[in-house]
Structure formats: C-alpha cells, structure tokens
Amino acid sequence: MQKLNYGKILDDTLSGLEKSGKKPSLLLHACCAPCSSHTLTVLDRYFNITLYFCNPNISPESEFIYRLDELKRLVSEMGLSIEIIEEKYIPEVFYNLAKGLENLPERSERCQKCISYRLEMAGQKAKDLNCDYFTTTLTISPHKDCTFINERGAEISGKCGVEYLYSDFKKHDGYKHSIELSRQYNLYRQNYCGCIYSKINSEKR
C-alpha cells in the first residue's frame with residue numbers, strides 16, 4: 001500500500017478552501033502551547049477554530065494546569081479570538097488505558113490507546129458542537145506516529161460523522177517554526193510528552 005502524504009493532503013484541502021471562500025468550523029485538539037503555536041498560524045485563516053484541551057495523560061495535575069495556562073496565554077498573546085474548551089482532569093482515565101502497558105516505550109500500544117481516546121473525545125465534541133472538521137496538533141511532534149494518528153482520526157470520523165482534517169504539521173519546517181514561536185512567546189517547552197511513563201523514559205535518556 002502506498003504511504004499517504006498527509007502534508008500534501010492538508011495543503012490541497014487548504015487550497016480548496018481558499019478558492020471556495022468558505023471558512024468552516026474546526027475542533028482542534030491541543031496537547032500543549034508549543035505544538036499549538038505553529039498549527040494555529042497554519043489553520044487560523046482557513047477555519048473558525050475551537051481549541052479542545054483533553055489530556056488526561058498529563059501528570060502531575062500541576063503540569064496539566066501549567067500547560068493549559070500556557071495555551072491560554074499563547075492564544076491571548078497571538079491576538080486570536082478562539083474559544084478553549086477544557087475537559088476536567090481525570091487521570092484515572094489514562095491509567096486505566098495504560099494498565100499492563102506501563103513499561104512500553106513511546107509510540108507503543110500505550111501511546112496508541114492514549115491518542116485514540118483523545119481523538120475519540122475530540123470527534124464526539126466536534127459532533128456535539130456541529131463542527132465541520134476535527135483534528136489534533138499531535139502530528140507536529142517528531143516523536144508521534146503521524147500515520148497512526150491520521151488513520152485513527154479517519155476511522156473515528158466514520159463513526160462520529162464529522163470530517164477529519166488530515167495533517168502532518170511537521171511539514172514546511174513546522175516543528176522548527178514551533179520552536180521559534182516558543183522562543184518568541186517565551187513558552188514553556190516540556191521535555192516529555194505528558195504521562196508519567198514518558199517522563200521516566202525522558203529522564204533515562
């Protein structure tokens with residue numbers, strides 16, 4: 001099977017929207033401010049965006065609050081009129097998903113279950129809000145499996161009835177740009193994905 005170029009698919013989608021003159025609604029799952037920074041510069045002109053902060057994997061709670069506060073600050077300092085919807089911090093959701101998978105590395109089944117849950121929540125929230133699209137900032141990370149994220153997003157789209165926006169936000173130096181924007185806005189850049197297991201792995205490196 002030929003590997004899809006998700007960056008080109010996104011480019012083509014945005015080009016089509018620009019030609020149509022339409023600006024559809026988008027529910028954008030956000031994992032943190034640094035990953036959201038570049039993503040917002042790409043998408044804001046094409047969509048009416050609602051940010052969705054649903055990350056029960058983040059540990060400890062103080063880290064969850066800090067990342068959410070940084071996301072709010074970024075949106076404010078970028079001068080964007082974007083609503084941020086926050087899911088309550090319920091870490092037990094993640095620990096139940098990760099049970100028996102605690103010792104696996106990143107990009108493993110544990111991460112796939114975590115990402116799947118967050119995408120499912122995003123798809124349902126997009127449906128509840130009658131959004132035209134949903135997607136996630138996660139594809140900007142070089143540590144994440146972009147193919148899995150997009151394939152899972154497409155599967156969830158088929159179930160929830162909201163179109164999934166394919167992406168690979170690393171393309172066009174997106175990850176590099178996120179680092180530059182993080183410096184510009186003095187954003188907190190965490191050194192681990194979010195869960196306690198990724199933190200332990202990062203400390204071993």
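The values are calculated or read from the model by the stated rules, or taken from the named source; none is laboratory data. These numbers were taken from a predicted model, which means no experiment stands behind them. Every residue, glycine among them, receives a Cβ derived from its backbone with ideal geometry; neighbour counts consider all protein chains shown. Heavy atoms of the whole protein, side chains included, go into the accessibility calculation; ligands, DNA and RNA do not. Shrake-Rupley method; radii C 1.70, N 1.55, O 1.52, S 1.80 Å.
Points to keep in mind about this one:
- Estimated at 0.36 nm per residue, the fully extended path between Phe148 and Asp69 surpasses their Cα-Cα distance by 25.6 nm.
- Entries in Lys3/Lys170; Lys19/Lys125; Lys23/Lys159 that, when Cα-Cα distance is taken, lie over 20 Å: Lys19/Lys125; Lys23/Lys159
- Solvent-accessible area of His177 with every protein chain in place, 1.4 Å probe, in Å² to the nearest 10: 60 Å²
- The base-10 log of I(q)/I(0) for the chain, evaluated at q = 0.13, 0.16 Å⁻¹, reads -0.68, -1.08 [Debye formula, identical scatterers on Cα atoms, solvent excluded].
- What the Kirkwood sum gives for the stretch 120-205 is a hydrodynamic radius of 14.6 Å, with every pair of different alpha carbons counted.
- Loop-resident GluC sites (Glu not before Pro) (DSSP state other than H, G, I, E or B) in the stretch 1-80 with no more than 16 further Cβ atoms inside 10 Å of their Cβ are absent.
- Interchain or long-range residues, amide H under 5 Å from Tyr52's placed H: Leu28, His29, Ala30, Ile85
- Fraction of accessible area attributable to carbon and sulfur, the chain (%, probe 1.4 Å): 48 percent
- Counting only alpha carbon atoms, the long axis of helix 6-20 and the longest principal axis of the chain meet at about 30°.
- One Cα centroid belongs to the stretch 79-153, the other to the stretch 30-66; the line between them spans 11 Å.
- The stretch 9-146, accessible area per residue, ligands and nucleic acids excluded (1.4 Å, Å²): 44 Å²
- Residue among Gly161, Gly153, Gly100 with the largest mean-square fluctuation in a Gaussian network model of the chain, springs linking Cα atoms under 10 Å: Gly100
- Computed from Cα atoms, the angle from the helix 33-43 axis to the main principal axis of the chain rounds to 10 degrees.
- Most mobile of Ile82, Ile140, Ile149 in a GNM of the chain (Cα contacts under 10 Å): Ile82
- Fluctuation leader among Ser182, Ser20, Ser108 - the chain, Gaussian network, Cα springs under 10 angstrom: Ser20
- Acute angle (nearest 10 degrees) that the helix 109-128 long axis makes with the longest principal axis of the chain, alpha-carbon atoms: 40 degrees
- Label-to-label distance for Ser76 and Lys99 is 4.0 nm, based on points extended 7 Å past Cα in the beta-carbon direction.
- On full extension, the segment bounded by Asp132 and Glu61 gains 22.4 nm, given 0.36 nm per residue less the C-alpha separation.
- Linear extension gain, Arg107 paired with His172, 0.36 nm per residue minus alpha-carbon span: 21.1 nm
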